[in-house]
Amino acid sequence: MVDLRSIQKPFKDQYRADERAAQITLTAKGSQTGTPLSCSVDIGRAIYHAEAHTGVGGTGTAACSGDLLLGALSACAQLTCQMVAAAMGVPVERIEVTVEGDLDLRGTLGVSKEAAVGFEAIRVRFHLDAPEASEEQVAKLREKTEQYCVVMQTLLQPPLVETIWPE
């Protein structure tokens, strides 16, 4: 079993002593490919192929940007729940997170001004197999997972998004 507290202790100590050490900037860079329907996305540790959704002309052979957004939320919720359960000592046999998002493609294609561009609803479903956990432990696990999930909190409380174009 992983001792998460021991792994994270030096980080927490460092960040308490120097809050600037906790400030990071993550970067993702999109680049053109041979067609306007696909691109590459470099996150610094891996490069992913992405393409437009089949509903707007993509081939369906790669993730679309909506898939990547939902995947980021799923990964963040999954990892956060796993780490919170480990840190709290909640006896969990299985955690699985499924994220679904609803959107109307008429918005992004400019077919309807009434249709939103972007997700209209997102559902995050936690599947938890924890027969030995108390109701109080599960409630605290839920509270802390939702509180500390970076992607979920970013979507719930959107940051200022700045766009920068050449002059």
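Values in this text are rule-based calculations from the coordinates and carry no lab data. A quick note: this is a predicted structure, and the numbers were derived from the prediction, not measured. For neighbour counting, all protein chains shown are included, and Cβ atoms are generated from backbone atoms with ideal geometry for every residue, glycine included.
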Which FRET efficiency value, to the nearest 0.05, do you get for Lys9 and Gln153 by plugging their Cβ-Cβ distance into 1/(1 + (r/R0)^6) with R0 = 30 Å?
-> 0.80
Distance (nanometres) between label positions extended 7 Å along Cα→Cβ at Arg16 and Ala116 | 4.1
Under the helix-only model (-39500 (n - 2.57) for each DSSP H run of 4 or more, divided by the residues of the chain), the mean residue ellipticity at 222 nm, to 500 deg cm²/dmol, is -12000 deg cm²/dmol
Can you tell me how much longer the chain between Val56 and His127 gets when fully stretched, taken as 0.36 nm per residue apart minus their C-alpha distance, in nm with one decimal?
-> 22.4 nm
Run down the lysines and flag those whose C-alpha is under 30 Å from the C-alpha of Lys9, throwing out any fewer than 8 positions away in its chain.
-> Lys140, Lys144
Nearest-5 percent of antiparallel DSSP beta bridges in the chain?
-> 95
Roughly speaking, what is the stretch gain from Thr27 to Glu96, that is 0.36 nm per residue apart minus the C-alpha to C-alpha distance, in nm to one decimal?
-> 22.1 nm
Hydrodynamic radius by Kirkwood, which averages 1/r over all alpha carbon pairs of segment 26-167, in angstrom = 17.5
Calculate, for Thr163 and Ala75, the FRET efficiency according to 1/(1 + (r/R0)^6) with r their C-beta to C-beta distance and R0 22 Å; round to the nearest 0.05.
-> 0.30
